[in-house]
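Asker: Here it is, the structure, as structure tokens.
The values are calculated or read from the model by the stated rules, or taken from the named source; none is laboratory data. Bear in mind that the values here come from a model prediction, so they are computed numbers and not experimental data. Positions of Cβ are generated from backbone atoms using ideal geometry, with glycine treated the same way; all protein chains shown enter the neighbour counts.
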Amino acid sequence: MDDSRASHGLIQWHGTTIIGVKRDGKTVIAGDGQVSMGNTVMKPNARKVRRIGPASDGGRGTVVAGFAGATADAFTLFERLERKLEQYRGQLMRAAVELAKDWRTDKYLRNLEALMIVADKDAMLVLTGNGDVLEPEGGIAAIGSGGNYALAAARALSDYEQDAETIARRAMAVAAELCVFTNDRVTIETV
């Protein structure tokens with residue numbers, strides 16, 4: 001638990017793993033379903049990866065987003081990103097940069113505790129509250145308490161496996177085995 005929160009008597013909702021893998025024109029974002037409070041699993045099947053943004057021909061959003069961090073904060077960021085996508089006509093990079101600016105400078109948003117991986121057919125980005133909009137090297141990004149495990153596994157797999165979904169699923173399985181705040185109930189979205 002974060003010491004500053006512990007000293008104020010607040011309980012931190014803890015942990016998750018989100019991974020994004022981009023290969024051969026296909027991008028997959030996967031996330032586990034566990035929500036923990038302290039050492040208690042509060043919910044095993046949360047949906048931390050979802051489609052947002054303008055609808056494509058199939059009626060589904062053209063952007064996939066996954067979050068790690070406080071759930072209410074993540075929903076606030078999803079809503080803000082959707083508004084930015086509408087404002088900038090579905091241009092993910094522009095919308096992400098504008099959201100990052102707001103996130104860094106807005107007094108309310110600055111206090112949100114979440115990270116996001118977002119992707120459309122062209123780009124995959126990691127968004128942080130520090131105003132960062134990062135394009136991951138090698139087409140692989142991971143966030144959350146099990147993120148480093150998933151990232152390491154995905155990078156190792158990427159030399160031998162070309163399918164983005166297979167890499168994401170295997171990396172999530174590794175994270176679930178090693179991180180107590182990550183489970184094996186995975187949600188996957190593909191663009």
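Asker: Which of the residues that make up region 159-180 are within 19 Å of T27 (Cβ to Cβ) and in contact (Cβ under 8 Å) with a residue 40 or more places away in the chain?
Answerer: Result: Q162, D163, A164, E165, I167, A168, R169, A171, M172, A175.
Asker: So which residues in region 85-96 are in a helix (DSSP H, G or I) and surrounded by fewer than 22 Cβ atoms within 10 Å (Cβ to Cβ)? If you could, list the steps in order and put the result at the bottom.
Answerer: The initial filter retains those residues of region 85-96 that are in a helix (DSSP H, G or I), namely 85-87, 92-96.
Within region 85-96, E86, Q87, M93, R94 qualify.
Asker: Under the condition of being surrounded by fewer than 15 Cβ atoms within 10 Å (Cβ to Cβ) and not charged (D, E, K, R), which residue from region 57-77 is modelled with the highest pLDDT?
Answerer: By that ranking, first place goes to F75.
Asker: I'd like to check something: does region 100-114 contain any residue that is in a helix (DSSP H, G or I), over 18 Å from I143 (Cβ atoms), touching a helix residue (DSSP H, G or I) at 6+ places or on another chain (Cβ under 9 Å) and modelled with pLDDT of 85 or more?
Answerer: So far as region 100-114 goes, yes, one or more of its residues are in a helix (DSSP H, G or I), over 18 Å from I143 (Cβ atoms), touching a helix residue (DSSP H, G or I) at 6+ places or on another chain (Cβ under 9 Å) and modelled with pLDDT of 85 or more.
Asker: Quick check on this structure: which one of M124, M116 is in contact (Cβ under 8 Å) with a residue 24 or more places away in the chain, crowded, with 22+ Cβ neighbours inside 10 Å and touching a Phe, Trp or Tyr at 6+ places or on another chain (Cβ under 6 Å)? Can you show your working first?
Answerer: On the way: M124 fails: touching a Phe, Trp or Tyr at 6+ places or on another chain (Cβ under 6 Å).
Answer to the selection: M116.
Asker: Sticking with this structure for a sec: When region 127-146 is examined, which residues are found to be touching a residue at least 60 places away in the same chain (Cβ under 8 Å) and either part of a strand (DSSP E or B) or crowded, with 24+ Cβ neighbours inside 10 Å (or both)?
Answerer: We begin by selecting, within region 127-146, every residue touching a residue at least 60 places away in the same chain (Cβ under 8 Å); these are 136, 139-146.
Those that are touching a residue at least 60 places away in the same chain (Cβ under 8 Å) and either part of a strand (DSSP E or B) or crowded, with 24+ Cβ neighbours inside 10 Å (or both): I140, A141, A142, I143, G144, G146.
Asker: Say we look at region 33-56 and pick out the residues that are of a type in the set (K, R) and under 19 Å from G147 (Cβ atoms); which of these is surrounded by the fewest Cβ atoms within 10 Å (Cβ to Cβ)? Working first, answer last.
Answerer: Pass one, region 33-56, residues of a type in the set (K, R): 43, 47-48, 50-51.
With under 19 Å from G147 (Cβ atoms) added as a condition, the list becomes 47-48, 50.
Numbers: R47: 11, K48: 24, R50: 18.
Across region 33-56, the extreme among qualifying residues is R47.
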